Amino acid sequence: MTSLDELFVKTRAENRAALIAYIPAGYPTHEGCKRVIETFAKSGVDAIEIGFPYSDPVMDGPTIQAAAEQSLAAGTGAREVFESLKHATELGIPSVVMTYWNPIEKYGVDRFAHDIAANGGSGVITPDLTIDEADRWIESTHSNDINSIFVIAPSTVGERLEKVTSHCSGFVYAASIMGVTGARGGLSTGASDLVARTRAVTPTPIAVGLGVSTREQAKEIAGFADGVIVGSAFINALRDAPDLETGLEHVAQLVKELALGVREGR
Amino acid sequence: MSRELSPGHFGEFGGRYVPEALVGALDELEAAHNAAQLDPVFQAELAHLHKTYTGRPSIITEVPRFAEHAGGARIILKREDLNHTGSHKINNVLGQALLTKRLGKKRVIAETGAGQHGVASATAAALMGLDCVVYMGEEDTRRQSLNVARMKLLGAEVVPVTTGSKTLKDAINEAMRDWVTNVETTNYLFGTVAGPHPFPTMVRDFQKIIGIEARSQVLELTGRLPDAVLACVGGGSNAIGIFHEFIPDADVRLIGLEAGGDGVDTPRHASSITGGSPGVLHGARSYLLQDENGQTIESHSISAGLDYPGVGPEHAYLHDLGRAEYRPITDAQAMHAFALLCKTEGIIPAIETAHALAGALQVGNELGPDAIILINLSGRGDKDVQTAAAYFGIEI
């Protein structure tokens, strides 16, 4: 059992959703990212996703693209990703890495899974690894006792939904909409339908991401899902602040709001 | 061997590495393509368009004055430059646009580098009454402003892409993001034999007509098969198009010419096979230019259409099998061959295509005067006049 698995046992017992926060490694700087992680931990985040910045992030909207570009320009690579992961897990927060597939393949599939575990990580979210190409990766996650987290979309139906979710552990990442990452005003009804359909085929916890940025949205999602994932909203807060300290204050405020949201949905 | 037989894979290459939201649309497209391949009505419709709109079959032209510089071998050009819109790209977009109508979708998107695929897509969209949005790197909109104007005249919206290297690679990323968001109403007209399954197979199926025609034309002209078939390779659609029919002809050498930029031993080139390594880019496993962290490295070529850090998975497979060879051609070698064809034969080729012509100058000298070499003259050079004029110091 990973610490992420344990988290969902706990939040289910507390009858609430978990708050999962995303930050790309090396953003706004390598040291700044550590401060963001500390702020997450202090302010009420339940689990952390460390993003592996990638040159061709087709699943990401403008906010995360720009953050990844800035981080890559500063030289972020696998070393910084694993350092950030270690920093988060040493603070006692269940943490995973979110990465496109090619950095894993380049690093070495088994070696990547091994180093996730070695740095205290619970697992990896792979947004562009379809289940059809995932055999080797699933094997590696099993032999290293880490969670393999795949993304499902509102268009995922029938046997495919069963197949993808049967290989998910930790949680199932349910994309709330057909689209890319980025803060949005409303929430589509697609998310609750998708979660309901997914509940029918798997007991694995389900976390909803894409477009979530406010307490109201967190509350709404917490009404039907096990986890609420927020990413771009934190990057916006950091980017729009005049300096890192102010940015961190805004992040802390946002976390506190969202943490209330995930507790008032039921 | 089972891996080779699984749909969408070419040995270890190909497959689908995409957001889950696209899987349904790719399945739908694959099913529509498979059905269309077997449907005589679809095939007749496409053949009619090729005959009355594209101008197929394209002719072949023997070029003896050019061949004098290639060791005296017989050199034959397959004239895809004479197609409507000026390149082989129209073969593919007409097929995909017909499929779009079958899917009941009214909007198409496309990526473009040099603008040839964008122009072809805008043309097919105009012909079939579809809305068309073309994503093009901001850098390329400057290099190929004439093609931007052509697309606009044809009624397409051209969206300059300002992220990353602002070239073809980033235009594909942006088109993918559009597709993920609008997949219910929109079909993605992919321009080359790269990308997730079914694109490498589907685009090849629409381009293989080049080789089918050329093989019988060369047989008719010379009484035998060519010794070598040459084509430039960016993503690789014109190369697969002319290679495919010759794959079973074991004695025919298949030679792809990659963009060598300043040289494969420098950081400025676009030779994914010669100078890259296996990995995943834009939805498929193939060769690509990447750093030690798996980040895509920006490519360089004087030719916008070859300026791409990846290559189609079937080429990666043919390379690893040893069935096809891939060589780099530098900017300077390509421009030399470009000028030579202009002055010896009165044909201005696309700079992309000039890489294949430069390859023929090498291969002809290696094979000697008894050899027959077939080259895919994939596009004409009107769009490159500004670049060529600047290169050769001609004032406009």
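The values are calculated or read from the model by the stated rules, or taken from the named source; none is laboratory data. Here the structure is a predicted model, which is why all the values come from computation and not from measurement. As a convention, Cβ positions derive from the backbone with ideal geometry for all residues, glycine included, and neighbour counts pool all protein chains shown. What goes into the accessible areas is simple: the full protein's heavy atoms, side chains included, and nothing from ligands, DNA or RNA. Shrake-Rupley method; radii C 1.70, N 1.55, O 1.52, S 1.80 Å.
A:Val172: in contact with a Pro (Cβ under 8 Å, 6 or more places away or on another chain) and open to solvent by less than 20 Å² (accessible area, probe 1.4 Å), yes or no? Break it down stepwise before answering.
On the way: in contact with a Pro (Cβ under 8 Å, 6 or more places away or on another chain): yes; open to solvent by less than 20 Å² (accessible area, probe 1.4 Å): yes.
In short, yes.
Just for helices (runs of 4 or more DSSP H) wholly inside segment A:198-266: which have at least 2 residues that are of a type in the set (S, T, N, Q)? First the steps, then the outcome.
Values: elements: A:215-222, A:232-240, A:244-261.
Hits in segment A:198-266: A:232-240, A:244-261.
Report yes if some residue within segment B:118-137 is outside the structural domain of B:Asp382 (by the TED database), aromatic (Phe, Trp, Tyr) and in contact with a helix residue (DSSP H, G or I) (Cβ under 6 Å, 6 or more places away or on another chain); otherwise report no.
Taking segment B:118-137 first, the residues outside the structural domain of B:Asp382 (by the TED database) are B:118-137.
Pick out the ones that are also aromatic (Phe, Trp, Tyr) and you get B:135.
Remaining after also requiring in contact with a helix residue (DSSP H, G or I) (Cβ under 6 Å, 6 or more places away or on another chain): B:135.
For segment B:118-137, residues outside the structural domain of B:Asp382 (by the TED database), aromatic (Phe, Trp, Tyr) and in contact with a helix residue (DSSP H, G or I) (Cβ under 6 Å, 6 or more places away or on another chain): present.
The requirement of being surrounded by fewer than 22 Cβ atoms within 10 Å (Cβ to Cβ) and either at pLDDT below 95 or more than 13 Å from chain B (Cβ to nearest Cβ) (or both) is not satisfied by A:Ile206. Hey, among the residues in segment A:159-182 that are out of contact with any strand residue (DSSP E or B) (no Cβ under 9 Å at 6 or more places or on another chain) and of a type in the set (Val, Ile, Thr), which one's farthest from the other protein chains (Cβ to nearest Cβ)? Only one residue fits best here, namely A:Ile177.
Kindly evaluate A:Ser55 against the criterion of being within 8 Å of chain B (Cβ to nearest Cβ) and either crowded, with 24+ Cβ neighbours inside 10 Å or over 17 Å from the mean Cα position of the chain (by Cα) (or both). First the steps, then the outcome.
Details: within 8 Å of chain B (Cβ to nearest Cβ): yes; either crowded, with 24+ Cβ neighbours inside 10 Å or over 17 Å from the mean Cα position of the chain (by Cα) (or both): yes.
Yes: the conditions hold for A:Ser55.
At least 3 residues being away from every other protein chain (no Cβ under 14 Å) and open to solvent by 10 Å² or more (accessible area, probe 1.4 Å) is the threshold, and among the strands (runs of 3 or more DSSP E) wholly inside segment B:273-383 those reaching it are B:324-330. When B:Val161, B:Val233 are checked against the criterion of being farther than 19 Å from B:Ser58 by Cβ, of a type in the set (A, V, I, L, M, F, W, C) and in the same structural domain as B:Thr296 (by the TED database), a single residue qualifies: B:Val233. Selection of segment A:124-158 for residues being open to solvent by 30 Å² or more (accessible area, probe 1.4 Å) and either in contact with a Leu (Cβ under 7 Å, 6 or more places away or on another chain) or away from chain B (no Cβ under 14 Å) (or both) yields A:Glu139, A:His142, A:Ser143, A:Asn144, A:Asp145, A:Pro154. Using the structure shown, decide if A:Thr126 is out of contact with any Asp or Glu (no Cβ under 9 Å at 6 or more places or on another chain) and closer than 30 Å to A:Ser43 by Cα. For A:Thr126, the condition - out of contact with any Asp or Glu (no Cβ under 9 Å at 6 or more places or on another chain) and closer than 30 Å to A:Ser43 by Cα - is met.
The lone criterion from (1) closer than 20 Å to A:Val164 by Cα; (2) at pLDDT below 95; (3) not basic (Lys, Arg) left unmet by B:Met1 is number (1).
Confirm whether A:His114 is farther than 25 Å from B:His197 by Cα, in contact with a strand residue (DSSP E or B) (Cβ under 9 Å, 6 or more places away or on another chain) and open to solvent by 40 Å² or more (accessible area, probe 1.4 Å).
Working: farther than 25 Å from B:His197 by Cα: yes; in contact with a strand residue (DSSP E or B) (Cβ under 9 Å, 6 or more places away or on another chain): no; open to solvent by 40 Å² or more (accessible area, probe 1.4 Å): yes.
It is false that A:His114 is farther than 25 Å from B:His197 by Cα, in contact with a strand residue (DSSP E or B) (Cβ under 9 Å, 6 or more places away or on another chain) and open to solvent by 40 Å² or more (accessible area, probe 1.4 Å).
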